[in-house]
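> Here it is, the structure in full.
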Amino acid sequence: MVKFSGYSLISSFTPFPSVIIKTPRRFVLDSKHTNSSRRLSTCTQTYQNPKMVVARYLPPLFSVAPMMEWTDVHYRTLARLVSKHAWLYTEMLAAETIVYQKDNLNRFLAYPADQHPIVLQLGGNNLENLAKATELAHPYGYDEINFNCGCPSPKVAGHGCFGVRLMLDPKFVAEAMSVIAANTDVPVSVKCRIGVDDHDSYNELCDFIYKVSSLSPTKHFIIHSRKALLNGISPADNRRIPPLKYEFYYALLRDFPDLTFTINGGINCIDEVNAALEEGAHGVMVGRAAYNNPWNVLGHVDTAIYGAQSSGLTRRQVLEKYQVYGDGVLGTYGNGRPNIREVIRPLLNFFYSEPGNSLWKRKADAAFLNPKCTTIKSFFEEALVAIPDRVLDSPVAEAPPGREGLFANVQELLPPPYRTAEEEIVTCA
């Protein structure tokens with residue numbers, strides 16, 4: 001039994017069932033979850049504190065960031081095979097997609113039961129659709145609903161007018177969070193940046209946090225520690241050009257002691273995750289590194305972050321389990337979707353920096369074009385010959401070291417304490 005201040009979890013590995021997508025958890029509605037009894041409203045209810053998550057899960061000390069076209073159900077299946085305790089996020093799903101696809105929800109919302117703890121991330125700027133989408137997602141049993149206020153993509157923040165652009169309208173975000181919370185019984189959270197364009201002062205960030213948390217049930221914020229630039233630069237440049245300001249994140253811990261904050265941005269390995277936690281972070285979210293090098297990042301989460309005993313699994317054993325999953329889901333959406341390429345895509349970085357990695361990718365490309373390669377099993381037979389047995393049969397190696405001093409001087413850089421407008425008025429009087 002692994003124990004963490006207020007949380008407990010029996011540390012055992014549950015194999016994936018052979019039939020995955022067809023029977024989502026809690027999909028059958030009972031009488032208390034029918035449309036007639038769940039109102040699309042912003043009425044005040046009793047909400048769970050995000051620190052008191054379902055006791056069978058460990059706290060979100062480590063989570064994998066929601067990434068469009070990356071953190072789909074297939075990647076999350078691989079991630080859960082490698083780490084039992086990492087918190088997983090879906091891709092951002094636009095509320096409109098869920099509402100307009102209400103007769104095809106399994107394709108967008110279903111997931112294997114073993115993927116818990118799992119968070120659904122919603123995007124949008126229409127209160128009615130956010131309410132309906134939350135209600136439609138409720139029977140799938142997500143452990144938290146997260147609202148995207150951080151995506152800088154022109155498709156989202158530009159023409160879509162949501163994502164990070166919503167940071168400029170905290171009152172609307174509070175209304176959206178109230179609507180979402182009114183239509184679910186799990187905690188809600190916001191993922192945001194530290195600023196937008198010229199609205200990048202620490203006080204402006206605090207104004208956003210203060211207004212959203214004061215006017216809605218939101219008590220958990222995931223903070224990407226860069227501001228976003230909406231002047232047409234690419235999402236990739238928005239992850240690189242604006243400087244990281246970890247001091248803003250740690251100042252939030254000081255100024256909002258009753259809220260929970262997860263740090264995100266520029267943290268690339270387990271050593272750096274632990275450095276952030278040792279500095280006082282409530283939780284750490286890792287994005288591209290967990291996708292581009294899943295074995296060496298996720299493979300250390302359970303032991304180095306949560307103190308659990310190593311599963312001892314090898315890459316070969318993980319792939320055997322993934323094969324069962326993959327062959328069980330091929331074609332289940334209809335029209336041949338998902339296909340082999342979609343199911344295999346999360347595995348393309350599974351042998352990052354290992355001998356045979358380049359040949360593995362070339363053989364994978366060839367297998368995708370081979371008409372005789374119709375199952376995950378046949379794909380592995382064709383492509384895995386590129387990887388030496390010693391790589392396939394070794395457990396995860398020692399975690400690589402992170403950058404030294406990543407948070408060493410952060411406390412010296414903290415901005416002055418935040419004062420709300422009300423406090424400033426009182427002080428001036």
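> Ranked highest first by the average count of other Cβ atoms within 10 Å around their residues, in what order do 394-402, 174-182 fall?
174-182, 394-402
> Return the distance in nm (one decimal) between the two label points of a simple spin-label model at Gln317 and Asp393, each offset 7 Å from Cα along Cα→Cβ.
My value for the distance between the label points is 1.4 nm.
> Could you compute the FRET efficiency for Ala366 and Ile233, with r as their C-beta to C-beta distance and R0 at 35 Å, rounded to 0.05?
In this case the efficiency is close to 0.45.
> Give the residues of segment 115-135 whose amide nitrogen is closer than 14 Å to a point set 7 Å from the Cα of Asp169 in the direction of its Cβ.
Once the point is set 7 Å along Cα→Cβ of Asp169, 124-130 turn out to lie under 14 Å by backbone N, inside segment 115-135.
> Quick one: Leu298, Leu384, fewest Cβ neighbours within 10 Å first, how do they rank?
So the ranking, lowest neighbour count to highest, is Leu384, Leu298.
> I would also like to ask the following. Please give me the summed charge of the neighbours of Asp365: other residues whose Cβ is under 15 Å from its Cβ, Lys and Arg +1, Asp and Glu -1.
Here the count lands on +3.
> Rank these for me by crowding, Asp327, Asp237, Asp258, going from fewest to most other beta carbons within 10 Å.
Listed from fewest to most nearby Cβ atoms, that is Asp258, Asp237, Asp327.
> Report, as a whole number in µm² per second, the diffusion coefficient that Stokes-Einstein gives for segment 90-145 at 4 °C and 1.567 mPa s using the Kirkwood radius over alpha carbon pairs.
After rounding, the answer is 115 µm²/s.
> If amide H atoms are built 1.01 Å from N in the plane of the peptide, which residues on other chains or at least 5 residues away come under 5 Å of the amide H of Ile222?
Residues meeting the amide H criterion: Val190, Lys191, Cys192, Thr262.
> Reported to two decimal places, what Rg/Rh ratio describes segment 242-320 when computed on Cα atoms with Rh from the Kirkwood expression?
Dividing the radius of gyration by the Kirkwood radius yields 1.05.
> Once the Cβ-Cβ distance between Asp185 and Asp258 is put in as r, and R0 is 22 Å, what FRET efficiency do you end up with, to the nearest 0.05?
Step by step, r from the Cβ atoms, then E = 0.55.
> Rank by packing, highest mean first: peptides 348-361, 74-87, with packing defined as the count of other Cβ atoms within 10 Å averaged across residues.
74-87, 348-361
> Taking the Cα of Asn292, stepping 7 Å toward and past its beta carbon, and measuring to each backbone N in segment 354-371: which are under 15 Å?
Flagged as within label range: 354.
> Now for a separate question. To make sure I understand, if each residue's beta carbon is the centre and we count other beta carbons within 10 Å, what order do Thr184, Thr262 fall in, fewest to most?
Thr184, Thr262
> Per Stokes-Einstein, at 20 °C and 1.002 mPa s, what whole-number D in µm² s⁻¹ belongs to segment 315-392, with the Kirkwood radius over Cα pairs as the hydrodynamic radius?
Calculated translational D: 169 µm²/s.
> Ranked from highest to lowest mean number of other Cβ atoms within 10 Å per residue, what is the order of the peptides 146-152, 193-199?
146-152, 193-199
Since every read-out is calculated from the coordinates, none of them should be taken as a lab result. Nothing here was measured: the structure is a model prediction, and the numbers come from that model. Heads up, the Cβs are rebuilt from the backbone with ideal geometry, glycines too, and the neighbour counts pull from every protein chain shown.
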